[in-house]
1. If I ask for residues that are exposed (fewer than 13 other Cβ atoms within 10 Å of the Cβ) and in contact with a strand residue (DSSP E or B) (Cβ under 9 Å, 6 or more places away or on another chain), which ones from the stretch 60-85 would you list?
2. Conditions: (1) touching a helix residue (DSSP H, G or I) at 6+ places or on another chain (Cβ under 8 Å); (2) at pLDDT 60 or above; (3) outside any helix (DSSP H, G or I). Arg23 meets all but one. Number of the miss?
3. Please tell me if Leu97 is in a helix (DSSP H, G or I), surrounded by 14 or more Cβ atoms within 10 Å (Cβ to Cβ) and either on the phi > 0 side of the Ramachandran plot or of a type outside the set (S, T, N, Q) (or both).
4. Surrounded by 11 or more Cβ atoms within 10 Å (Cβ to Cβ), outside any helix (DSSP H, G or I) and in contact with a strand residue (DSSP E or B) (Cβ under 7 Å, 6 or more places away or on another chain) - does that describe any residue in the stretch 44-56?
5. Return yes or no: is Arg46 modelled with pLDDT under 90 and not polar (S, T, N, Q)?
6. State the number of residues belonging to the stretch 54-64 that are free of Cβ contacts under 8 Å to residues at least 12 places away in the same chain and within 17 Å of the chain's Cα centre (by Cα).
7. Taking Thr80 and the conditions (1) on the phi > 0 side of the Ramachandran plot; (2) among the polar types (S, T, N, Q); (3) without any contact (Cβ under 8 Å) to a residue 12 or more places away in the chain, which numbered condition does it fall short on, given that it satisfies the others?
Amino acid sequence: MLRAFANSLGSRVLRVPRHGLPRATALSTSVDADKWLEEGNLWVKRDTNEETKAHIAGLVDANDVASLEQLLSSRLSFGTAGLRGVMGAGYNRMNDLVILQTAQGLCE
């Protein structure tokens, strides 16, 4: 019954990936890799939490561009319940840096 209801809504329904996070795509150029490594280094510079900082720094050191892209390419959205998300490193996870940046944005 629920499936029939969802089908009746058609394209008006926002379909969320099963695991809640976008899959990392294959990178086509070294410019893309450099961008994500630079973004990872910027995260490490800004983050005050040693645990999440170490996680991103480890990905940068390992040149794990796909994981960096997955964690840093999108941000949590501020919804009716505020910010909600999985705890961890990255802009699309709940962590100290995301909270600091959100508070700074609200104060401006």
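The values are calculated or read from the model by the stated rules, or taken from the named source; none is laboratory data. Everything numeric here is computed off the predicted structure, so don't read it as measured data. No Cβ is skipped: glycine too gets one built from the backbone with ideal geometry, and neighbour counts run over all protein chains shown.
1. The one that is exposed (fewer than 13 other Cβ atoms within 10 Å of the Cβ) and in contact with a strand residue (DSSP E or B) (Cβ under 9 Å, 6 or more places away or on another chain): Arg84.
2. Unmet condition: (2).
3. Details: in a helix (DSSP H, G or I): yes; surrounded by 14 or more Cβ atoms within 10 Å (Cβ to Cβ): yes; either on the phi > 0 side of the Ramachandran plot or of a type outside the set (S, T, N, Q) (or both): yes.
Yes, satisfied.
4. Within the stretch 44-56, not a single residue is surrounded by 11 or more Cβ atoms within 10 Å (Cβ to Cβ), outside any helix (DSSP H, G or I) and in contact with a strand residue (DSSP E or B) (Cβ under 7 Å, 6 or more places away or on another chain).
5. Working: modelled with pLDDT under 90: no; not polar (S, T, N, Q): yes.
No.
6. Going residue by residue through the stretch 54-64, those that are free of Cβ contacts under 8 Å to residues at least 12 places away in the same chain are 54, 58, 61-62, 64.
Right, trim to within 17 Å of the chain's Cα centre (by Cα) and you get 54, 58, 64.
Here the count works out to 3.
7. Unmet condition: (1).
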